[in-house]
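Quick notes on the structure that follows.
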Amino acid sequence: MAFVPQGTEAFSFGGAVRVVVVMRPEATAEEAAAVGARLGPGAVAVPGRVARWVAATADVQDMPGVARVVQPRHAHQLASREMAPAGTVVHVGPVAVGGGAAVVMAGPCAVESMEQTLRAATAVRAAGARVLRGGAYKPRTSPYGFDGLHEEGLRILAAARAATGLPVVTEVMSPEAVPLVAEYADCLQIGARNMQNHPLLRAVGRAGRPVLLKRGMGATVGEWLMAAEYVLAAGNDQVVLCERGIRTFETATRYTLDLNAVPLAKELTHLPVLVDPSHGTGRAALVPPLALAALAAGADGLLVEVHPDPAAALVDGAQSLDPEAFARLMADAGRLLQALGQPAPAVAAN
Ligand code: PEP
Ligand code: MN
């Protein structure tokens with residue numbers, strides 16, 4: 001019978017909690033295959049640097065090549081905290097996300113031009129952001145809205161990386177686009193609307209790039225973690241979660257930023273958790289206080305929309321900070337983290 005500790009049923013999805021068999025790094029393909037044969041036809045092989053199996057039960061502890069058998073507490077087996085109790089560090093270019101100083105990713109919602117992107121990149125770097133965020137492919141509610149510059153936008157992001165040294169994160173919306181976006185980007189963003197696009201999750205799981213996985217606006221924390229599980233099951237453990245607000249009865253703000261999700265996700269998974277107060281509130285004035293609250297709640301960093309001229313932004317201007325407001329937020333974040341006894345947000349090396 002599956003092992004389901006009391007109080008975790010909400011995250012067990014009907015008790016389908018299995019065991020994970022982790023092979024030694026030096027285990028041979030033959031040893032892994034022998035373990036798979038003993039586990040039986042229901043066992044799922046997880047590709048990756050270290051071979052792993054997810055299985056219903058495992059009596060393989062003593063077989064050659066087996067490092068350990070882990071009993072995760074949750075249905076998001078590979079993402080479950082027990083798999084890496086110390087927490088996973090995700091490497092976005094040279095930047096380490098998780099387990100240390102908070103990392104701020106910032107930039108315009110949409111890449112609009114070379115000039116706009118370079119201005120934004122220079123400003124966010126000067127204020128202490130470590131990663132440039134900008135959209136080349138934008139999911140828009142209206143089919144007539146500006147949906148990004150596509151490959152030209154990717155080229156602009158690469159130019160901004162070359163000019164500033166900041167690695168870039170950008171959204172990919174379809175499995176077919178993954179190879180092209182992965183060629184340019186240091187990290188692949190999965191947007192809220194695509195959180196349960198399983199072919200896309202599998203494709204980014206195979207792309208060899210870290211993934212920033214936004215929570216769907218109608219998704220529970222359990223569903224969000226199961227979406228991460230898809231990426232991990234495809235062989236990619238480099239996943240950063242991002243809480244970006246959920247739909248509630250409240251319409252005065254664009255979404256309701258769910259800060260409960262931050263310490264909860266940190267308890268349930270070893271993956272780093274960022275917060276996006278820009279989409280979470282939809283209003284620039286509310287972004288700094290919610291950004292600070294997110295850090296106080298234990299977020300591993302922030303995703304903040306910054307535009308050199310928010311009034312002229314083609315997308316999401318109302319929630320975008322101008323460079324001055326962003327610099328004030330970064331200074332406040334440094335003071336807050338210091339007061340909490342945590343390292344200030346890491347800044348880019350000169
Ligand atoms: C965005 O990051 O600009 C975006 C579209 O976010 P989300 O997918 O969270 O709506
Ligand atoms: Mn946006």
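The values are calculated or read from the model by the stated rules, or taken from the named source; none is laboratory data. Bear in mind the structure is a predicted one, so any value in this text is a computation, not a measurement. FYI the Cβ positions are ideal-geometry reconstructions off the backbone, even for glycines, and counts take in every protein chain you see.
Tabulated data for the structure shown
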quantity	calculated
Some residue of segment 46-60 being more than 32 Å from the chain's Cα centre (by Cα) and free of Cβ contacts under 8 Å to residues at least 40 places away in the same chain	yes
Within segment 245-287, considering residues that are farther than 16 Å from residue 220 by Cα and of a type in the set (Gly, Ala, Ser), the one farthest from ligand 2 (Cβ to nearest atom)	252
Exclusive hit being surrounded by fewer than 24 Cβ atoms within 10 Å (Cβ to Cβ) and within 14 Å of ligand 1 (Cβ to nearest atom), set 283, 247	247
Residue in segment 325-342 that is of a type in the set (A, V, I, L, M), within 15 Å of ligand 1 (Cβ to nearest atom), under 24 Å from the mean Cα position of the chain (by Cα) and assigned by TED's automatic domain parsing to the domain that holds residue 189 present	no
